[in-house]
Each structure stands twice: as structure tokens, then as C-alpha cells.
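Student: Take this structure first; my questions come after.
The values are calculated or read from the model by the stated rules, or taken from the named source; none is laboratory data. On a predicted model such as this, the values are computed, not experimentally measured, just so you know. A quick note on method: Cβ atoms are made from the backbone with ideal geometry, for glycine too, and the neighbour counts reach across all protein chains shown. These area figures cover heavy atoms from the full protein model, side chains too; ligands, DNA and RNA do not enter into them. Shrake-Rupley method; radii C 1.70, N 1.55, O 1.52, S 1.80 Å.
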Amino acid sequence: MTSTTLLKNRGAHMSVQRQDTIVIGGGLAGLVIARELCAAGRSVTILEARSRLGGRVYFDSVKGTDESAELGGQWIDPNYQPLIAAEINRYNLEITHGDPGTEQRTVSGDQVLHGMLPIPPDDIVDLERGVWECLAASRRIEYGRPWEEQGLDDLDVSWAEYVRGLKLSPAVEEYLMTWTSASDPEQSSALNILVLFATFGHSAWAAYNSMELKFTHGTASLVDAITSEVRAEIHLDTVVAHVEQSADEVTVTTADGRTFTATTAVLATPVNTWEDVTFSPPLSEAKQEVSRLKHVGTGQKIWMQLTDTPAGGVLGWGFGKGVNWLLRDRQLSEGGDLYVGFTGGGSLDVDDHDAIRDAVRVFAPEAEVTRTFEHNWLKDPYAKGGWAVFRPGHFTRFHSELSRPEGRLHFAGADLSFGQQLWMEGAFETGFQVADRLLRRK
Ligand SMILES: Cc1cc2nc3c(=O)[nH]c(=O)nc-3n(C[C@H](O)[C@H](O)[C@H](O)COP(=O)(O)OP(=O)(O)OC[C@H]3O[C@@H](n4cnc5c(N)ncnc54)[C@H](O)[C@@H]3O)c2cc1C
């Protein structure tokens with residue numbers, strides 16, 4: 001066993017001896033696989049395209065301030081996410097409650113409602129029925145059993161079609177449509193939402209409340225803690241371009257022409273980037289199809305420094321002017337508050353300061369936006385999307401196939417999780433599955 005070796009790409013002619021496993025992608029899934037394999041005495045090389053580890057978790061400092069913020073994954077719920085809970089315990093990581101604000105405001109038609117009730121009071125019976133229908137549908141999902149065996153085709157339609165089918169009042173229909181977490185409800189399968197409820201104990205309230213706890217010292221504390229136990233060779237700035245399998249080994253070639261060989265390899269990169277790697281033999285038709293069509297997780301997170309917001313903090317929700325969800329992260333010592341807003345489906349230009357201000361003012365009419373910042377995951381070549389939200393028809397036709405090994409090549413990553421595909425938890429779920437499978441292999 002070697003100790004962790006972090007190597008920046010310094011040239012095209014590095015010779016590396018054959019390893020037991022090459023892990024492609026140093027996000028949470030790749031890191032946890034490497035940790036588990038190394039702990040069992042296997043030799044591992046991680047090839048990571050970026051100059052940092054962590055992938056879609058990215059705790060970074062905010063230019064011109066003393067602040068840091070989560071540009072990617074942030075919230076966790078140890079009550080419903082046992083694998084994250086185990087990591088928190090393992091490393092004794094500090095977690096903390098956010099400060100989301102107490103003044104709830106919901107866009108409903110052409111009005112903004114104040115208070116906890118997100119629909120006009122006259123529509124409450126329809127809201128009750130709508131939520132009941134969704135929770136009943138979520139109970140039909142048997143967690144972990146292959147999707148295609150469960151007779152769920154009627155639920156693998158777009159969220160918009162599913163919600164329209166419930167025949168609710170316009171206000172309740174509009175409210176339920178907003179649940180696709182910033183993705184287009186016409187483009188997202190209803191099963192994305194229904195399995196979310198299933199993973200949160202069939203509770204819409206628990207799922208909604210999951211955006212509360214976060215790592216006190218950022219997800220960097222999680223990434224650093226795992227990395228400290230990864231006894232592998234880690235190559236940063238190393239973009240994998242080609243994966244070739246022969247009868248007894250896998251050869252991985254990087255974009256700058258280096259080659260690495262191992263007995264097995266794991267592809268732990270986002271599904272939306274699989275198309276940028278060539279495979280010999282080619283991946284299955286279904287894997288190619290999903291990578292070509294791409295998941296529709298177009299949600300983007302915009303950080304904003306705001307002043308002149310209500311003292312209690314505003315919690316905004318609903319189709320306004322492009323920010324579908326707004327909440328306070330914390331109050332700043334220099335004055336003002338740090339808020340995070342979500343947009344998606346191309347409904348807001350995240351580089352347009354005035355458009356962001358107008359979108360925020362739907363919820364907080366006096367607000368001034370002094371600074372915005374974000375990481376554009378949609379334009380990021382090593383993500384090509386945000387958290388995974390899949391199309392209608394995806395789950396019952398393709399999802400199980402995504403994690404099926406092909407020869408010596410295995411597949412991991414949150415995108416492939418049975419039902420935690422929106423979450424860091426999914427990266428751990430699939431990471432442990434692959435590590436267990438590889439360790440059973442002679
Ligand atoms: C804006 C945003 C907000 C989110 N909010 C939350 C949240 O609040 N809570 C939560 O639990 N989850 C959240 N998520 C989801 C969560 O961050 C992800 O599900 C999880 O981090 C994915 O981990 P992963 O290891 O599967 O994939 P990734 O983190 O994407 O890791 C894949 C790695 O592969 C690398 N890679 C890609 N292509 C190549 C290549 N060709 N060669 C080599 N390396 C390559 C990438 O650089 C990356 O490091 C959010 C995601 C985003 C984008």
C-alpha cells in the first residue's frame with residue numbers, strides 16, 4: 001500500500017504500473033470506492049479531470065469577501081440518509097442548521113401569498129388530495145427492486161402530465177408543478193419526485209425540510225476527510241478520453257495521450273459526460289442513449305448578497321421571474337444577508353444582474369442585490385448538468401441498465417442511484433455497491 005499521492009498533470013509520458021483498479025472521476029462516489037478498495041489492500045489509481053477533488057460538491061471562497069459557499073451539493077438529512085450519517089460519525093464532522101428565514105412567500109397565479117399555506121385557503125381540500133395522491137403513488141415504489149419489474153409505467157410520465165391527471169384546482173396544480181426542483185415539469189419524469197418522497201419516509205414535509213442541515217466547514221471537510229484515507233495514486237488535471245477492455249485488463253487513455261492499465265476500472269463520472277469518452281467495446285445501446293439524450297437536471301444555484309430584505313428572512317417559492325426558490329443561508333457580519341436562489345430550465349440568465357434583482361423582488365420587493373456568484377454546472381465540461389433529473393420513460397426503460405457492469409468496467413455515481421440520484425447520498429450508495437462487488441471478485 002502506498003500513502004495518498006496527489007499528482008498534478010505534468011506531462012504526457014508518465015509510466016505507471018498496472019493497478020488493481022482505475023477509478024475515473026474523483027467525486028464522492030469515486031473517492032469512497034477508492035477508500036474502500038485501498039482499505040482492503042487493493043492498488044488504486046484515481047484519474048480526475050479537474051484540478052480539485054469533489055466534483056459536484058464544491059465549497060469555495062467568494063471573491064472579494066471572507067465568505068465561503070457551497071457552489072454545488074450542500075444539504076444533508078442524516079435521518080433519511082444513513083450513508084451520509086455514517087460518514088459524519090466516522091470523521092466526527094460538524095454539521096449545522098441553516099437560517100432559511102421565517103417569512104414564507106409563494107407565487108400563486110398573479111399574486112404572492114404570505115404565510116405557510118402555499119395556496120389560497122379555498123383550495124385546501126384540493127391540496128390535501130393532491131399531496132395524498134402523490135404519497136400514495138410513492139408507496140407503490142419498492143426501493144431497490146429493479147424499476148422495470150415494478151409495473152410503474154403509468155408513473156414514468158412527465159411530472160406535468162401526472163399532475164394534470166390529478167384534476168386539481170389551478171392554484172394547487174401550479175404549486176405541485178413547482179416541485180420538480182427547478183427542472184422543467186414537462187421534461188421530468190414524475191418518478192423523480194415520487195421516489196424522493198419514498199426516500200423521505202413517504203413524507204412530502206420531510207422531503208421539503210431536507211434543505212436545512214449542512215456541513216459547518218463545508219463539503220470540503222467531507223472530501224478532505226475521505227481523501228485522507230484514500231491510499232491511492234490520484235492524478236488531477238487528467239481527462240479520460242478512451243477506455244479499452246481486453247480479455248485480461250482495462251487500458252485507460254487520457255486526452256493528452258497517457259495510458260493506465262488495471263484489472264478493472266470504474267466509471268464514476270456524471271452520465272451527461274459519458275458521451276465524451278470512447279469505449280471499446282462500445283457501451284450498451286441503453287447507456288449510449290441516456291448519455292446522448294442527457295438527463296434534464298438544469299437546476300442552477302445562484303448565491304446573492306442581499307440588503308433590505310425583511311429582518312426575519314424570506315423563504316420564497318413558486319414560478320416568479322426565474323428564481324423558483326429563494327432562501328437565506330446566513331446573515332453577514334459586514335451587513336446584509338447571504339441568500340441562495342434556484343433557477344432552471346433556462347428561465348433566468350444567471351449572468352444578468354438586473355434579471356436576478358427583478359426575480360428576487362418578486363419575493364422581497366425592497367431587496368437590493370449587491371453581489372451574485374455561482375458555478376455554471378450546465379457549462380462545466382465535466383458535469384454538463386446539475387443534480388440528475390431524468391426524462392419521462394427513463395426509469396422503467398433505462399435506469400437499472402446504467403449501473404450494470406460491462407466486462408471489467410463498472411459504473412458508479414449519484415446519477416445511477418435507485419432513488420437518491422439528486423443527492424450526495426446516491427454517490428455513497430452506488431460507491432459502496434461497486435466497492436463491495438469488486439471486493440467479492442477474485
Ligand atoms: C448546484 C447543485 C446543488 C446540489 N445540491 C445538493 C444538495 O443540497 N444536497 C445533496 O445531497 N446533493 C446535492 N447535489 C447533488 C450532489 O452534489 C451530487 O449528486 C454528487 O456530488 C455527485 O457525486 P458523484 O461522485 O456521483 O459525481 P461528481 O461529483 O460529478 O463526480 C464525478 C467526477 O468525475 C470527473 N470527470 C468527469 N469527466 C471526466 C473525465 N472524462 N475524466 C476524468 N474525470 C472526469 C468530474 O470532474 C468529477 O470530479 C447538488 C448538485 C448541484 C450541481
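Student: Hey, any idea what % of the range 331-410's accessible area is carbon plus sulfur with a 1.4 Å probe?
Tutor: That share works out to 46 percent.
Student: Just to check I understand the Karplus step: with θ = phi - 60° and J = 6.51 cos²θ - 1.76 cosθ + 1.60, what whole-Hz values come out for the range 246-262, glycine and proline as x?
Tutor: Working through the residues one at a time gives 10, 4, 10, 7, 10, 10, 10, 10, 8, 4, 9, x, 7, 10, 10, 10, 7 Hz.
Student: Mind listing the Cα extents of the range 181-284 along all three principal axes, in Å, largest one first?
Tutor: If we take the Cα atoms of the range 181-284, the spans are 49, 37, 24 Å.
Student: With every protein chain kept in the model, how would you rank Leu422, Leu338 by accessible area, 1.4 Å probe, largest at the top?
Tutor: I get Leu422, Leu338, largest accessible area first.
Student: Where the only charges are on Cβ atoms (+1 Lys, Arg; -1 Asp, Glu), what is the dipole of the range 73-119 about its Cα centre, to the nearest 20 debye?
Tutor: Using Cβ point charges on Lys, Arg, Asp and Glu, the range 73-119 gives about 80 debye.
Student: Separate question: Determine, for each peptide in 51-62, 122-133, the mean count of other beta carbons within 10 angstrom over its residues, then list the peptides with the highest first.
Tutor: 51-62, 122-133
Student: Using only Cα atoms, find the angle between the long axis of helix 28-39 and the longest principal axis of the chain, and express it within 0 to 90 degrees, rounded to the nearest 10.
Tutor: 40 degrees
Student: I would also like to ask the following. Between Asp66 and His242, with labels modelled 7 Å along Cα→Cβ, what's the label distance in nm to one decimal, could you check?
Tutor: Placing both labels 7 Å along Cα→Cβ, they lie 5.3 nm apart.
Student: According to the Kirkwood expression over distinct Cα-Cα pairs, how big is the hydrodynamic radius of the range 125-208, in Å?
Tutor: Evaluated on the range 125-208, it is 12.8 Å.
Student: Something else now. When the chain is fully extended, how far beyond the present Cα-Cα distance does Asp154 get from Leu293, taking 0.36 nm per residue of separation?
Tutor: 47.9 nm
Student: Once the whole set of protein chains is in place, how much accessible area is left on Tyr162, using a 1.4 Å probe, in Å² to the nearest 10?
Tutor: Number for this one is 30 Å².
Student: Projected onto the charge dipole of the chain (+1 at Lys/Arg Cβ, -1 at Asp/Glu Cβ, origin at the Cα centre), which of Ala206, Val323, Leu71 gives the Cα projection farthest towards the positive end?
Tutor: Leu71
Student: May I pose another question? Would you mind getting me the FRET efficiency between Glu285 and Tyr143? Use the beta-carbon distance for r and R0 = 22 Å, nearest 0.05.
Tutor: Efficiency at R0 = 22 Å is approximately 0.25.
Student: Nearest 10 degrees, 0 to 90: what angle lies between the long axis of helix 82-91 and the longest principal axis of the chain (Cα atoms)?
Tutor: Result, in degrees: 70.
Student: OK, next. If we restrict to alpha carbons, what Rg and Dmax does the chain come to, in Å?
Tutor: Reported Rg and Dmax, both Å: 22.1, 71.
Student: If you don't mind, another one. If eta is 1.567 mPa s and T is 4 °C, what Stokes-Einstein diffusion coefficient results for the range 322-426, Kirkwood Rh from Cα pairs, in µm²/s?
Tutor: Answer, rounded: 78 µm²/s.
Student: Which whole-number percentage describes the relative contact order of the range 125-208, with Cα contacts under 8 Å and a sequence gap of 6 or more?
Tutor: Result for the range 125-208 is 39 percent.
Student: With an 8 Å cut-off on Cα pairs and a minimum separation of 6 or more residues, tell me the relative contact order of the range 84-136 in percent.
Tutor: Relative contact order here is 18 percent.
Student: Using the Cα centre as the reference, give the magnitude of the dipole from point charges on the C-beta atoms of the range 293-346 (Lys, Arg: +1; Asp, Glu: -1; all else neutral), rounded to the nearest 20 debye.
Tutor: It works out to roughly 300 debye.
Student: With each pseudo-label sitting 7 Å past Cα toward Cβ, what's the Glu161-Arg437 distance in nm, one decimal?
Tutor: 3.0 nm
Student: Can you pick out the pairs among Lys301/Lys379; Lys294/Lys384; Lys214/Lys294 whose Cα atoms lie more than 18 Å from each other?
Tutor: Lys214/Lys294
Student: By its C-alpha gyration tensor, with a ≥ b ≥ c as the square roots of the eigenvalues, how is the range 53-148 shaped: rounded for a/c under 1.5, else prolate for a/b larger than b/c, else oblate?
Tutor: Verdict is oblate for the range 53-148.
Student: Taking the Cα centroid of the range 335-377 and of the range 77-139, what is the distance between the two, rounded to the nearest whole Å?
Tutor: Spelled out, the Cα-based centre of one part sits 21 Å from the other.
Student: If r is the Cβ-Cβ distance from Asp358 to Thr5 and R0 is 41 Å, what FRET efficiency results, to the nearest 0.05?
Tutor: 0.25
Student: Put a dot 7 Å past each Cα toward the Cβ at Thr259 and Glu366; how far apart are the dots in nm?
Tutor: Taking the two extended label points, one gets 6.8 nm.
Student: So what is the relative contact order for the chain, in percent, with contacts set as C-alpha pairs under 8 Å and at least six apart?
Tutor: 24 percent
Student: Right, another one. Compute the Cα gyration tensor for the range 317-362, then decide on rounded, prolate or oblate, letting a ≥ b ≥ c be the square roots of its eigenvalues: rounded whenever a/c is under 1.5, prolate when a/b is larger than b/c in the other cases, and oblate in all that remain.
Tutor: prolate
Student: How much of the accessible area of the range 1-148, probe 1.4 Å, is carbon plus sulfur, in whole percent?
Tutor: 49 percent
Student: In terms of solvent-accessible area of protein heavy atoms at a 1.4 angstrom probe, what is the ranking of Met116, Met424, Met304, highest value first?
Tutor: From most accessible down to least: Met116, Met424, Met304.
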